[in-house]
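Visitor: Input: one structure, supplied below.
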Amino acid sequence: MIKDLELYADKIVVELNLEILPKDEYDKTILKEDDKIEIVAFVGGG
């Protein structure tokens, strides 16, 4: 999903079912139909 959305794994945090998903589990995690996902992207600015 991260690749499909063209996101950079080092610049996001993923919450899966109200728990932070460790970055080393991004590639190993298989999403299920009822999973709740929140992706927070860090954006620089000034």
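The values are calculated or read from the model by the stated rules, or taken from the named source; none is laboratory data. What you see is a predicted model; the values in this text were computed from it and never measured. Note that we place each Cβ from the backbone using ideal geometry, even for glycine, and neighbour counts take in every protein chain shown. Keep in mind that these areas ignore ligands, DNA and RNA; they rest on the heavy atoms of the full protein, side chains included. Shrake-Rupley method; radii C 1.70, N 1.55, O 1.52, S 1.80 Å.
Visitor: Counting residues that are open to solvent by less than 100 Å² (accessible area, probe 1.4 Å), which strands (runs of 3 or more DSSP E) fully inside the chain reach at least 2?
Guide: On the way: elements: 12-16, 19-21, 37-41.
Ranges flagged: 12-16, 37-41.
Visitor: Right, something else. Between a residue in segment 1-13 that is at pLDDT below 90 and any residue that is open to solvent by 100 Å² or more (accessible area, probe 1.4 Å), which pairs come within a Cβ distance under 7 Å, given they are 6 or more apart or on different chains?
Guide: Ala9/Lys23
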